[in-house]
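The values are calculated or read from the model by the stated rules, or taken from the named source; none is laboratory data. Worth saying up front: this structure is predicted, and the values here are computed from it rather than measured. Glycine gets a Cβ as well: all are built from the backbone with ideal geometry, and neighbour counts include every protein chain shown.
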Amino acid sequence: MLVGMMNDPNRELLSEIEFAGEHSFEFFELTIEYPGAMPDSILQNRKKISDILSSYNLPVLGHMAWYFSIAHPYPSIQKAIIGEINSAIDAAVPLKIKQLTLHPEFLSSITKDRSLLISRSIATLNEVSDSAKSQKCELLFENFNDTALSEDEFARILDGTKLNCTFDIGHANMNGRNGSGIYSFLSRFSKKIRHVHAHDNFGKEDSHLPIGAGQIDWAKAIPALKSYYNGTITLEVHSKDRSLLLHSKEKLQAMWHGKKQVDADKDYLQPEMKKQQ
Ligand SMILES: [Zn+2]
């Protein structure tokens with residue numbers, strides 16, 4: 001399992017990558033998003049971005065703006081958004097991004113006809129996935145809550161697009177009672193999971209809290225995930241105070257590998273720091 005962080009698009013991208021490298025994150029998830037990480041500026045700064053990523057030996061994954069519609073009721077708006085998604089793919093490919101995550105339609109409640117919502121989503125995803133695939137980049141479809149898509153609807157979109165998925169633990173926690181959405185998603189879609197997002201909440205709002213600050217029973221969720229998965233996990237902790245992101249990283253690594261192993265790794269990687277503590 002590898003732990004990564006995502007850039008806050010309101011912060012300067014190069015210093016975000018530097019922060020990830022300096023704090024021993026094992027990969028970087030680049031959200032290509034307004035204002036700090038627009039496709040044009042990524043293309044312009046491509047060499048600097050690649051250099052700093054490789055100086056820290058950081059592999060990179062991609063993420064699309066969460067508010068990009070994939071089933072917008074106005075065709076001309078959808079067409080413009082597809083253009084933006086393609087620009088983001090074109091900015092991602094030169095950085096050797098091989099996987100890019102997209103969200104479900106966030107205005108889903110506007111389209112009362114759920115079959116139409118599904119068919120529009122499938123059409124958009126197939127269109128952008130074809131252009132990504134032709135550049136050797138795989139699109140991953142991320143779960144949100146039941147209002148956006150039920151599990152059945154999510155399954156229909158995966159079937160209709162042949163896409164794999166990004167499993168967002170915090171989003172799944174907003175479905176069902178007492179985190180049951182996490183376990184039903186895992187038992188149904190485990191074979192399709194190619195990437196994971198982790199953050200905490202109280203089951204109602206998508207709060208993106210540090211690990212342990214919400215209601216998720218991590219001592220139960222992590223072993224459940226581990227029984228199916230051993231890949232990349234991005235900590236999507238949106239707290240301004242970055243020490244809470246670092247604390248979340250330690251917690252996740254300790255739950256996954258055991259505290260003894262994490263301490264031994266720290267001793268190996270940062271012997272000086274350990275001595276000073
Ligand atoms: Zn997410």
- Checked the stretch 187-228 for anything among the hydroxyl-bearing types (Ser, Thr, Tyr) and in contact with a helix residue (DSSP H, G or I) (Cβ under 7 Å, 6 or more places away or on another chain); matches are Tyr228
- Message: Please count how many residues of the stretch 60-113 are closer than 24 Å to Ser50 by Cα and of a type in the set (Lys, Arg).
- Response: 2
- Query: Do you know which of the residues in the stretch 217-253 that are within 16 Å of the ligand (Cβ to nearest atom) and either farther than 25 Å from Met64 by Cβ or acidic (Asp, Glu) (or both) is surrounded by the most Cβ atoms within 10 Å (Cβ to Cβ)?
  - Reply: Glu236
- Could you tell me whether any residue of the stretch 246-267 is in contact with a Lys or Arg (Cβ under 8 Å, 6 or more places away or on another chain), modelled with pLDDT under 95 and not in a strand (DSSP E or B)? yes
- Item | Residues within the stretch 96-144 that are within 16 Å of the ligand (Cβ to nearest atom) and surrounded by fewer than 19 Cβ atoms within 10 Å (Cβ to Cβ), tallied | 1
- Which of the residues that make up the stretch 145-160 are hydrophobic (A, V, I, L, M, F, W, C), away from the ligand (no atom under 16 Å from the Cβ) and buried (at least 16 other Cβ atoms within 10 Å of the Cβ)? Ile157, Leu158
- Task: Determine if the stretch 200-214 includes at least one residue that is of a type outside the set (Lys, Arg), in contact (Cβ under 8 Å) with a residue 60 or more places away in the chain, within 16 Å of the ligand (Cβ to nearest atom) and assigned to a loop (DSSP other than H, G, I, E, B).
- Result: yes
- In the stretch 161-188, what residues are crowded, with 20+ Cβ neighbours inside 10 Å and outside any loop (DSSP other than H, G, I, E, B)? Cys165, Thr166, Phe167, Asp168, Ile169, Gly170, His171, Ala172, Gly181, Ile182, Phe185
- Task: Select, from Asp51, Asp90, the only residue that is assigned to a helix (DSSP H, G or I), farther than 27 Å from Gln253 by Cβ, free of Cβ contacts under 8 Å to residues at least 12 places away in the same chain and acidic (Asp, Glu).
- Result: Asp51
- Query: In the stretch 18-39, how many residues are buried (at least 19 other Cβ atoms within 10 Å of the Cβ) and either among the charged types (D, E, K, R) or at positive phi (or both)?
  - Reply: 2
- Tally of residues being in contact with an Asp or Glu (Cβ under 8 Å, 6 or more places away or on another chain) and either part of a helix (DSSP H, G or I) or closer than 20 Å to Pro39 by Cα (or both) across the stretch 93-124: 11
